[in-house]
């Protein structure tokens, strides 16, 4: 008999597992391939990042907020310590080829999973595109260059060109009103192959270095599907493919490698891990502020349920989630917000899409105070229209 699940039930389940229901995230579900429930990582940044299947880190302050808002008492300093001092987190290209923070101990799973995806159709035109042989040369050169070193992009570029040939240096890739050398189109692929991770910032310059030593795994795709379904199920292979940035057929292979259970989610067929059908008894409640590209909204599907009504027009950018920081009320997107920092002050403007009760207003004020703690600044709240457009 197929279990039927409603949106409020699934919303409450996802919030609980994301650590957005007032309690820190932790391992849930049968045979979860996520952090162990022991040791210092069990209630810290590593556990939070693992529970959300990676923290989007193109905007680093947003990644720090995503993690800190899920963990009582944790500030951006703890995230930075885990990333640069303890090295229990790594910064690299993750799902969809975008920059993420990932648990260092899970990196072999991600490398195994993402490197197994068939190569995407190149978007570069013929005079920009690299051949398969050139791409392999670049990936190998990157891995060799960062071994035992932390290189800036200019230093890495010099090493790659020296190892491959002058063709790699051709300035043919349009990027931010300038042009990048040809070889840089292979950066995400090289990261997915485990050639490098981001290193500590040198002054204001990003560096790249070798990933931490760890034995490889061969079942990464199945384990990534397991973590994804634990956090964001019920879901379909199509949902996973959009989230991970791979083809549906590849996603289907991952689903086929895991023991699943079919459910009806708001009338559509979807899947959870076998035996993992439990949902909280209470419906979703509470007010949350989620920053740019928070994993919860990026992975949250169907969009029409999470971004119901006016929220779809106001808080999505061409159907894409994450380009606006959002106000979450009782599990649904109910507004947008923006922060502007000046010294040790943060001005936070929140634009609700509906009137907030007195209780919800107090919860919002508490979220603003907590955000200030996370980002180590004094916050000031303004309720009103957000005039800043979507983040690219």
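Values for this structure:
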| item | result |
| --- | --- |
| Residues of the range 84-108 classified as assigned to a helix (DSSP H, G or I) and crowded, with 24+ Cβ neighbours inside 10 Å, total | 2 |
| Conditions (1) in contact with a helix residue (DSSP H, G or I) (Cβ under 9 Å, 6 or more places away or on another chain); (2) assigned to a loop (DSSP other than H, G, I, E, B); (3) touching a residue at least 60 places away in the same chain (Cβ under 8 Å): number failed by residue 258 | (3) |
| Filtered residues of the range 58-73 (kept if touching a strand residue (DSSP E or B) at 6+ places or on another chain (Cβ under 6 Å) and outside any helix (DSSP H, G or I)) | 58 |
| Any chance residue 389 is touching a strand residue (DSSP E or B) at 6+ places or on another chain (Cβ under 7 Å) and either surrounded by fewer than 19 Cβ atoms within 10 Å (Cβ to Cβ) or in a strand (DSSP E or B) (or both) | no |
| Qualifying strands (runs of 3 or more DSSP E) (wholly inside the range 112-212; at least 1 residues being loosely packed, with under 15 Cβ neighbours inside 10 Å) | 171-175, 178-181, 197-202, 205-209 |
| Which listed residue is assigned to a loop (DSSP other than H, G, I, E, B), touching a helix residue (DSSP H, G or I) at 6+ places or on another chain (Cβ under 7 Å) and either more than 20 Å from residue 311 (Cβ to Cβ) or modelled with pLDDT of 95 or more (or both), from 381, 356 | 356 |
| Answer from 195, 214 - the residue that is touching a helix residue (DSSP H, G or I) at 6+ places or on another chain (Cβ under 7 Å), free of Cβ contacts under 8 Å to residues at least 60 places away in the same chain and within 24 Å of residue 56 (Cα to Cα) | 195 |
| Failed criterion for residue 340 (all others in (1) out of contact with any strand residue (DSSP E or B) (no Cβ under 6 Å at 6 or more places or on another chain); (2) without any contact (Cβ under 8 Å) to a residue 12 or more places away in the chain hold) | (1) |
| Selected residue (only one of 223, 268 is more than 18 Å from the chain's Cα centre (by Cα) and assigned by TED's automatic domain parsing to the domain that holds residue 101) | 268 |
| Hey, residue 258 under 20 Å from the mean Cα position of the chain (by Cα) and outside the structural domain of residue 139 (by TED's automatic domain parsing) or not | no |
| Criterion violated by residue 230 - all others in (1) in contact with a strand residue (DSSP E or B) (Cβ under 9 Å, 6 or more places away or on another chain); (2) farther than 30 Å from residue 20 by Cα satisfied | (2) |
| Residue that is surrounded by the fewest Cβ atoms within 10 Å (Cβ to Cβ), among those in the range 235-248 that are free of Cβ contacts under 8 Å to residues at least 40 places away in the same chain and assigned to a helix (DSSP H, G or I) | 238 |
| Members of the range 1-52 found to be assigned to a loop (DSSP other than H, G, I, E, B), at pLDDT 75 or above and under 21 Å from residue 261 (Cα atoms), listed by number | 1, 2, 6 |
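The values are calculated or read from the model by the stated rules, or taken from the named source; none is laboratory data. Owing to the predicted nature of the structure, the values given are computational and were not obtained by experimental measurement. Here Cβ is always computed from backbone atoms with ideal geometry, including for glycine, and neighbour counts include all displayed protein chains.
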